[in-house]
Amino acid sequence: MSSSPLSRRALFRGAAGVGGLLALGACSTTKSPGAKSAAKIVDVSHWDQLVSQEPWVKKEIELFQAAHPSIAIKRTQQASGDLGNLLDLAWRGGSAPDIFKVPSDKLDDYVADGRVLDLGKYATADWQKTFPPYSFVEGINTFGGKIYSSPFEGDAPWVQLYINNKVFKDAGLVEADGNVKIPKTWDEVTLFAEQITKKGNGSVHGIGFGNSAFSIIPWWVELFTAGAGFPGSMPPGFPGGLDPRTGKFTRTTERAISDFLTLFLEWKSKGFVTPNALSMDDEISRQQFARGKFGMIVGGVWNQPGWSELGFTDYSVTTLITADGQPKSFFYYGPGKYNLAISATAKHPDETWEWFKWWNGPEAGARYVQELKGGVSIHPEANDPSKVDFAPFAAFVGMTKLSLAGPNPALRNPATGSVVVKKITPDFDAICTGLFTGQIKDMGAALSRLQEQQEKAFNDALAKAAAKGHKATIADYTFSDWDLTKPYKWDIPQYITTK
């Protein structure tokens, strides 16, 4: 739901997951106002890409129009196609929507091009304080002291381990009270996978995933090493492989990474992993999991609406599985995000703002969490697990405490936003797949070579940025004072004074 110019990877994962079990297709809906009014009806055109969140969107439109009978929301769901290209075409043709979901990494460009509305008239200090501190950040959703968007979704561990309860019960993996055993350590996952595979007798396996469309193995690596005592789940803004505590490219060569990859390959060699993992995609693997073909799968909260569509609800969820069961680090996030923006050409900006304010308000956020069960809200008061009536999603909402504020180089030096690191081939994802297929034999050599390439690519990016007048150095990315067990204290204003 939310975007940040510093979180490309997170957006890709979310998009890949939402595309899973739900059919995609562009459609548009036009709603009549909820009550008749003698006043002239004002149409507000709205574009988004939300598919699994469709029930929530429709309900919010109905509720909004009932409360604002003189405003009609004309929504278009751009579920297929590149939203950025579609918006470019609409602007060129003079038919841009009044309000729209901002594609990842695009808000700063749209501000520079004069395409989005400065919300200074509306984004008062009182309104800003309906959001938690550090929701509005210069260089992310605020430029030159002017606010252009706001966050919608909150932060929780992006990746979880899902457990098929029936498969576990069939394998005898239950506690004395009858509840399934929830693994907390690498050894427990190994033992449970072995027991499921033995009981399955070739038809059910302990572990499954689908790797044909893109590499899923790094998701497993991150889930099982994020708590290992180093920043495995990186906050946005850092180049791949960098340990922000030291400024050294040692993250991909951490002992926990190679240890877990070794364990993962042992799971394969012992037959604990479903044998068709490389030939099926993530969507099919999620369906196979729901049908009880394997007991454990790694994914995100986007899995849950798809499983509900299939009528599959008998599963449990956990995260931060470590070698010894004691997390020494967590998942991390940066300040500020953006979601919707109002077009600078909006015909009725006041009415469009009313819809913007409604969409991003705490009441809509609470319905998003508690009724749709689509994710967590930027409004902490909406994220109350006790108000969620579905146990797996309530468990996910309770995981927000495992996601901590992390450092951000762009807050220290905005010039780091101009440091663009060239993609390395093979990257970590490709190395993980190569190890699994056997194409890569020497793990240590492959990871060490990647480390060297990451450092070189980053130094090249710094040099190119400097040649263009952007002064950024490795010091901007080094945070030696970072305690991985505590939220990082950002040295920025809690709220923005709009100009």
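Quick note: the coordinates plus some simple rules give every number you see, no bench work behind them. Because the structure is predicted, anything quoted here is derived from the model rather than measured. Reconstructed Cβ throughout: ideal geometry from the backbone, glycine too, with neighbour counts over all protein chains shown.
Key figures for this structure:
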| quantity | calculated |
| --- | --- |
| Protection proxy ranking, peptides 120-131, 305-316, average beta carbon neighbours within 10 Å, highest first | 305-316, 120-131 |
| Calculated from backbone phi, Karplus (6.51, -1.76, 1.60) coupling profile of the range 421-434 in Hz, x at Gly/Pro | 8, 5, 5, 9, 10, x, 8, 4, 4, 5, 5, 4, 5, x |
| Selection from A391, G365, P407, by position along the positive dipole direction of the range 313-425 (Cβ) | P407 |
| Peptides 224-231, 44-51 ordered by average Cβ neighbours within 10 Å, highest first | 224-231, 44-51 |
| The range 132-176: GluC sites (Glu not before Pro) falling in loop per DSSP and having at most 10 other Cβ within 10 Å | E175 |
| Tensor-based shape of the range 270-313 (alpha-carbon gyration tensor, a/c under 1.5 rounded, otherwise prolate or oblate) | prolate |
| Size of charge dipole - the chain - debye, nearest 20, with Cβ of Lys, Arg +1 and Asp, Glu -1, no other charges | 400 |
| Backbone HN-Hα couplings from phi across the range 324-334 [Karplus 6.51/-1.76/1.60, Hz, Gly and Pro as x] | 10, x, 10, x, 10, 7, 9, 8, 10, 9, x |
| Amide H contacts of L404 (H built 1.01 Å from N, under 5 Å, at least 5 apart or other chain) | F331, Y332, Y333 |
| Distance from the range 351-424 to the range 256-319 (C-alpha centre basis), Å | 25 |
| Relative packing of peptides 447-456, 241-250 - highest average C-beta neighbours within 10 Å first | 241-250, 447-456 |
| Normalised contact order of the range 108-196, rounded percent, pairs of Cα under 8 Å and 6 or more residues apart | 20 |
| Qualifying trypsin sites (Lys or Arg not before Pro) for the range 357-426 [loop in DSSP, other Cβ within 10 Å: at most 16] | K422, K423 |
| DSSP bridge pairs, the chain: antiparallel proportion in percent, nearest 5 | 55 |
| Residue order, fewest to most beta carbons within 10 Å, for L107, L83 | L83, L107 |
| Where N is the number of residues in the chain, Cα Rg divided by 2.2 N^0.38 Å | 1.00 |
| Centroid-to-centroid separation of the range 45-106 and the range 150-180 [C-alpha atoms, Å] | 34 |
| Rounded if a/c under 1.5, otherwise prolate or oblate - the range 389-499, Cα gyration tensor axes | oblate |
| Shape call, the range 422-480: gyration tensor on alpha carbons, a/c limit 1.5 | prolate |
| From phi via Karplus (6.51, -1.76, 1.60), per-residue ³J(HN,Hα) for the range 464-469 in Hz, x at Gly/Pro | 5, 5, 5, 5, 9, x |
